[in-house]
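The values are calculated or read from the model by the stated rules, or taken from the named source; none is laboratory data. Since this is a predicted model, take the numbers as computed values, not measurements. All Cβ positions, glycine included, derive from the backbone under ideal geometry; neighbour counts span all protein chains shown.
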Amino acid sequence: MSSGRAKKKPTKSEPRSRAESSAETREALIRAGIELFASEGLDAPSLDAICARAGKTRGAFYVHFPDRDAFLAAVMERVGLPFLDVVLGSDDTPPTLTTVVQRFLVAVASGEYPLTAKDGVRPHQLLDACARSEPVRARYVALIESSIARLAAIVARGQDEKTLRDDVRPEDAAAILLAAVVGAQTLMELRASVDLGPAAAAMLAMLRRHPGPQE
């Protein structure tokens, strides 16, 4: 006996749009690049190996990236920008300079810092890639300049709050801080016996504002 209810016909899942499929392909290729560059270095993985890891074809690769250098630059940005967001925070929740330095030291100690992670890309490999490729160099410089600008804003905020000395331009202080980071990368790659914690504390002490006798 019929219950009177119409049976629902099974519905097929909606096919992904072309844009969604394209985004998934690009993401798979970048993930494959991150994994292979970290484990094998920047030069060793071939395009065939990258495409095989991603489960995509060479044709799909060239739809998204004109060449290997453009791909490497995209991978660099994907790794670098999220890390910078973690360390430097956002405009909604701006950190103090002390917090930024502490986050950097924690990232280094935990292996989360991209250029000092175990079995990851080494600083000299990145510099070699920059020397060979203008697109890679330009993308790396863009990340550096963005970092300096964001650090300068943090320093300026500290000066406004009278926690940092105001006789140094924020942009100059930010450039010195970033130069110290690049130097720290080199020291760590050389396995030099330098304790970054006290060195970072000394740099913060030099930038910290000390009230004068009239305050």
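For residues that are surrounded by 16 or more Cβ atoms within 10 Å (Cβ to Cβ) and not aliphatic (A, V, I, L, M), scanning just segment 78-95, find the one that is nearest to R139 (Cα to Cα). Applying the filter and picking the extreme gives G80. Among the residues of segment 144-183, those that are part of a helix (DSSP H, G or I) and polar (S, T, N, Q) comprise S146, S147, Q159. Residues in segment 90-101 that are modelled with pLDDT of 90 or more and either within 17 Å of the chain's Cα centre (by Cα) or in a loop (DSSP other than H, G, I, E, B) (or both): P95, T96, V100, V101. Taking the listed residues L187, L164, L127, the one that is touching a residue at least 12 places away in the same chain (Cβ under 8 Å) and on the phi < 0 side of the Ramachandran plot is L164, with no other qualifying.
For segment 186-195, a tally of residues being under 21 Å from T98 (Cβ atoms) and either in a helix (DSSP H, G or I) or among the β-branched types (V, I, T) (or both) returns 1.
Of the residues screened, L42 is one that is outside the structural domain of A129 (by TED's automatic domain parsing) and outside any helix (DSSP H, G or I).
Listed by first and then second residue, the pairs linking a residue in segment 138-150 that is at pLDDT below 90 to a residue that is among the hydrophobic types (A, V, I, L, M, F, W, C), with Cβ atoms under 9 Å apart and 6 or more places separating them unless they lie on different chains, form an empty list. Among the numbered criteria (1) part of a helix (DSSP H, G or I); (2) surrounded by 17 or more Cβ atoms within 10 Å (Cβ to Cβ); (3) of a type outside the set (D, E), which single criterion is violated by P198? Just one mismatch for P198, condition (2).
Residues of segment 45-65 include none that is surrounded by 14 or more Cβ atoms within 10 Å (Cβ to Cβ), modelled with pLDDT under 85 and outside the structural domain of P114 (by TED's automatic domain parsing). Consider A131 carefully, then state whether it is in a helix (DSSP H, G or I), surrounded by fewer than 19 Cβ atoms within 10 Å (Cβ to Cβ), modelled with pLDDT of 90 or more and in contact with a Cys (Cβ under 9 Å, 6 or more places away or on another chain). No.
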